[in-house]
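Report on the following structure.
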Amino acid sequence: EAQVTQNPRYLITVTGKKLTVTCSQNMNHEYMSWYRQDPGLGLRQIYYSMNVEVTDKGDVPEGYKVSRKEKRNFPLILESPSPNQTSLYFCASSLSRWGEGLADTQYFGPGTRLTVL
Amino acid sequence: SQKIEQNSEALNIQEGKTATLTCNYTNYSPAYLQWYRQDPGRGPVFLLLIRENEKEKRKERLKVTFDTTLKQSLFHITASQPADSATYLCAWEDSGTYKYIFGTGTRLKVLA
């Protein structure tokens, strides 16, 4: 089954304790992206990746890191989480390729609800 | 800066009626717009994409229009059902940057 998976689905942590949220897709998609969703603010893009070893900042990258060492995986790293990073996080992927725009379906993962105390 | 606005936070309609949701954009003319459905606590699901040269796109009971003069996209659900209750999001690509911009969404509730 074609899907985007994220782990963990729920996480409660404390300020400053490094964490990684994993994201994996099995559709051989080149474009992958991380979003956070907060009430009243909608979905905001954190980072995106056009392909292996190619990543770039979205609208709200501060406090986050990503890596794309393999095509299927795109982990989100919070080196020193703070309470303002408490949010619902989504990973997404699409076929979109460099030079062709983003007019392709984005497939979203199930979400990771993160609470930073 | 580019901005995308959806017309209201919540819309309640009676079952069987047509729901119409609005997505307005400013300071930019997107080449295409996407519409997604999101259920509470779940990831958005792609519904339709409409390009600027397509005035209308249909998929079953869904219809999307794109008016570049009014800078607006309308999303219609005909013969609405309680199962259509969800939040609907519009989105576009930030001009040539490979970044997505999403609207805050409209929460639709279809009353039985």
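Each value in this text was obtained by applying a stated rule to the coordinates, not by laboratory testing. Keep in mind that this is a model prediction, so the values were computed, not measured. Backbone-built Cβ (ideal geometry, glycine too); neighbour counts: all protein chains shown.
Only one residue of B:80, B:27, B:100 has its Cα farthest out toward the positive end of the dipole of chain B, where Lys and Arg carry +1 and Asp and Glu -1 on Cβ, and that residue is B:80. For residue B:105, the residues 5 or more places off, or on other chains, whose built amide H falls under 5 Å of its own are B:6, B:90. The mean of 1/r over all pairs of different alpha-carbon atoms in the protein assembly as shown, once inverted, gives a Kirkwood hydrodynamic radius of 18.1 Å. Loop-located trypsin sites (Lys or Arg not before Pro) across the stretch A:47-117 with a Cβ neighbour count of 10 or fewer within 10 Å are A:69, with loop assigned by DSSP. Counting, for every residue in B:95-105, the Cβ atoms of other protein chains within 10 Å of its Cβ and taking the mean gives 6. Computed from point charges on the beta carbon alone (+1 for Lys and Arg, -1 for Asp and Glu), the dipole magnitude for the protein assembly as shown about its Cα centre is near 380 Debye. Its Cα centre serving as origin, the stretch B:8-111 has a Cβ charge dipole (Lys and Arg +1, Asp and Glu -1) of approximately 160 debye. With the charge dipole of chain A set up from +1 on Lys and Arg Cβ and -1 on Asp and Glu Cβ about the Cα centre, the Cα lying farthest toward the positive end among the listed residues A:117, A:10, A:84 is that of A:117.
Over the stretch B:16-112, the fraction of Cα-Cα pairs per 5 Å bin, rounded to whole percents and listed from the shortest bin up, is 3, 13, 26, 24, 19, 10, 4, 1, 0.
Using Cβ contacts closer than 10 Å as the measure, can you line up B:57, B:17 from fewest to most?
On the way: B:57 18, B:17 13.
With the sparsest Cβ surroundings first, the list reads B:17, B:57.
Per-residue Karplus couplings for the stretch B:36-47, computed as 6.51 cos²θ - 1.76 cosθ + 1.60 with θ equal to phi - 60°, are listed in order as 10, 10, 10, 8, x, x, 10, x, x, 10, 5, 10 Hz, Gly and Pro entered as x. Of the chymotrypsin sites (Phe, Trp or Tyr not before Pro) found in the stretch A:20-99, those in coil by DSSP whose Cβ has at most 15 other Cβ atoms within 10 Å are A:98. Spin-label pair residue B:17-residue A:27: with each label point 7 Å from Cα along the Cα-Cβ axis, the two points sit 3.4 nm from one another. Here chain A is treated with +1 on each Lys and Arg Cβ and -1 on each Asp and Glu Cβ, and its dipole about the Cα centre works out to around 380 debye. Per-residue mean of foreign Cβ neighbours for B:28-37 is 2 (Cβ atoms of other chains, 10 Å radius).
Once C-alpha pairs closer than 8 Å and six or more residues apart are averaged by separation and normalised to the residue number of chain A, the relative contact order reads 35 percent. For the residue pairs B:59/B:99; A:57/B:109; B:17/B:57; A:65/B:55, alpha carbon separations beyond 30 Å are given by A:57/B:109; A:65/B:55. Evaluate the distance, in nm, between pseudo-label points positioned 7 Å from the Cα of residue B:9 and of residue B:109 along their respective Cα→Cβ axes. Here the answer is 1.2 nm between the modelled labels. The GluC sites (Glu not before Pro) found in the stretch B:39-112 that occupy coil by DSSP, while having at most 16 further C-beta atoms within 10 Å, are B:52, B:54, B:60.
How high is the relative contact order of the stretch A:58-100? Use alpha-carbon pairs under 8 Å, at least six apart in sequence, and give a whole percent. Dividing the mean separation by the residue count of the stretch A:58-100 yields 27 percent. Each of A:29, B:76 was scored by other Cβ atoms within 10 Å of its Cβ. Listed from fewest to most, they are B:76, A:29.
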